[in-house]
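The values are calculated or read from the model by the stated rules, or taken from the named source; none is laboratory data. Keep in mind the model is a prediction, meaning the values are calculated, not measured. Reconstructed Cβ throughout: ideal geometry from the backbone, glycine too, with neighbour counts over all protein chains shown. Each accessible area value is taken on the protein alone, full model and side chains, heavy atoms only, with ligands, DNA and RNA left out. Shrake-Rupley method; radii C 1.70, N 1.55, O 1.52, S 1.80 Å.
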Amino acid sequence: MEVATRLTWMQEKKLQNYFGEKQFSLLYKASVHGFSTDRLLKICSNQGPTLTVIYSEDQIVGAYMQKDYGEGNYLIAVFVFQETTITECKVGPFKLPMLFDKNVYGNLEVSIHLKEKTMYFNKNAMEKLGLSQIYISFQDCEVFRCEDLLDERKMSGLTELKESLLCAIRNYIPYGGLVHKVRILLLGPVGAGKSSFFNSVRSIFRGHVTNQALVGSDPTGTSEKYRTYFIKDGKDNNTLPFILCDTMGLSEKEGLDMDDIPYILEGHFPDEYQFNSLKLRPKGIGNHTGCPLLKDRIHCVAFVFSANSVGQLSHEMVEKIKRIRRELIKSDVVHVVLLTHVDTLDLITKGDLIDVYKCVPVKLQLEAVHRKLGFSLSDIFVVSNYTSEWELEPVIDVLILSALKEMLRAADDFLENFPLEKTVVNALNGEDAAAAAKSLQSCVTP
């Protein structure tokens, strides 16, 4: 039977961060394993650093031990955890098992007596911890093994996963070979992180942090042009099989004009097209013909939102996003969500990004996007962009590459469902007619 801790997620996270971004594994629980010092020492010895947590009626107290129970004399960090505040004092040095020693000639500063369910403090420790009496009666005691969230084993696993994702994306071929590169449009409010996402993707494939797309804090957004970014792979200098398209940011009154959306989706706008307030969109705009090819169209749309601002989206912005979604559905364009800046959420550390979808603050933001904007939870992907880092970090790379892989799958869904007759007409008008005919034959031949 799995033994569960009494700590809430928030309490556990506070303690993990306080003691240096640790991961806790529950070893001993008195109410399950028995209120026995011998039993505790047998289970918890030779486990490395440990955290002992004592649950009284109205507060949590405990001790953090940086060394194994069987090693020498060391200082112990004793703490009191009340609401969101942790108060700490050092006691010792003494052998760690003496923390549970009732012998008055042993540890006289702090001691935990499991059989009596009582924790004692001398006057000095009591005052430093802000306690009102020298003993605390408790209901339960738990001991956790403490490990670094990003230890060598996990970093090795992340590196392997990153290489696997890089290989899959490098070898990606769009569905049916209908186009050589899929186009992914990034849409989102000003400051959501669209340009930063492109820069982050480019950095990963170049092998170092780089910035090509302009990123800034201008309230009107820094992207005033429609940009199409090809990305070269630093491994062989070949361009990758996708194009990231960036636009002006969405805002309630200014920003990207709703009337521009269909033209962007259909592929009418060339790279560096200058957006303006004119609503006249003549045929042949931007030196394109009136009938852009399949390769010019948008094959997937990624809405980009900051994890810190989803709850603050205005009613006008929500309605604008819903209007855009209706246009996408009308055009049969598959769309997903990128939730950026997740690493800046309260209590989230870099180590949490390994299993970020299990973190409570992230779950709350995913549910907020689902509830407010109607996106399916399975279509929302969490990323952390490179904004101030100097070096690439595998945990960030894996999140970005995983999201990118899902966007390529979404583009394949669009291509697979694209009307066959339109595919052939597109090819005959400007691409490889022989390839189109072959594609048609493969689709109709059993």
For Tyr386, other-chain or 5+-apart residues with amide H closer than 5 Å (H placed, Pro excluded) are Ser200
How large is the dipole of the chain about the Cα centre if only Lys and Arg carry +1 and Asp and Glu carry -1, each at its Cβ, rounded to the nearest 20 debye?
340
Share, in percent, of DSSP beta bridges within the chain that are antiparallel, nearest 5
70
With a 1.4 Å probe and every protein chain left in place, work out the accessible area per residue of the chain in Å², rounded to a whole number.
49
Quick check: at a probe of 1.4 Å, how many percent of the accessible area of the chain sits on carbon and sulfur atoms?
50
Just list whichever of Lys232/Lys320; Lys253/Lys363; Lys128/Lys358; Lys232/Lys295; Lys14/Lys194 have alpha carbons separated by over 29 Å in the model shown.
Lys232/Lys320; Lys253/Lys363; Lys128/Lys358; Lys14/Lys194
If r is the Cβ-Cβ distance from Arg409 to Thr84 and R0 is 56 Å, what FRET efficiency results, to the nearest 0.05?
0.85
Anyone know which of Val398, Val310, Val32 comes out most mobile in the 10 Å Cα GNM of the chain?
Val32
Consider just the alpha-carbon atoms of the chain and return their Rg together with their Dmax, both in angstrom.
28.7, 93
Integer Hz, Karplus 6.51/-1.76/1.60 couplings in order for segment 342-359, x for Gly and Pro:
5, 6, 9, 5, 4, 6, 7, 10, 4, x, 5, 5, 4, 10, 5, 6, 8, 6
Looking only at chymotrypsin sites (Phe, Trp or Tyr not before Pro) in DSSP loops with at most 10 other Cβ atoms within 10 Å, what is the longest site-free stretch of the chain?
106-389
Tell me, Kirkwood radius of segment 107-209 from alpha-carbon pair distances, in Å?
20.4
Segment Val360-Asp151, length gained on full extension (0.36 nm per residue, minus Cα span):
73.0 nm
Near the amide H of Phe375, under 5 Å away, which other amide H atoms are found, from residues 5 or more places off or on another chain, if H is placed in the peptide plane?
none
Would you pull out the residues with amide H under 5 Å of Val182's amide H, same chain only if 5 or more places away, H placed 1.01 Å from N?
Phe242, Ile243
For Leu339, net neighbour charge (Lys/Arg +1, Asp/Glu -1) across residues whose Cβ lies under 13 Å away:
-1
Do any trypsin sites (Lys or Arg not before Pro) in segment 105-180 lie in a DSSP loop with no more than 16 other beta carbon atoms within 10 Å, and if so, which?
Lys115
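Rounded, prolate or oblate for segment 1-133? Axes are the square roots of the Cα gyration tensor eigenvalues, ordered a ≥ b ≥ c, and the cut-off for rounded is a/c under 1.5.
Working: a/c = 1.30, a/b = 1.06, b/c = 1.23.
Rounded, because the longest to shortest axis ratio a/c is under 1.5.
For a quick check of your reading of the filter: which GluC sites (Glu not before Pro) in segment 99-187 sit in a DSSP loop and have no more than 15 other Cβ atoms within 10 Å? Working shown, then result.
On the way: sites: Glu109, Glu116, Glu127, Glu142, Glu147, Glu152, Glu160, Glu163; in loops: Glu109, Glu116.
Taking segment 99-187 and a limit of 15 other Cβ atoms within 10 Å, the loop GluC sites (Glu not before Pro) found are Glu116.
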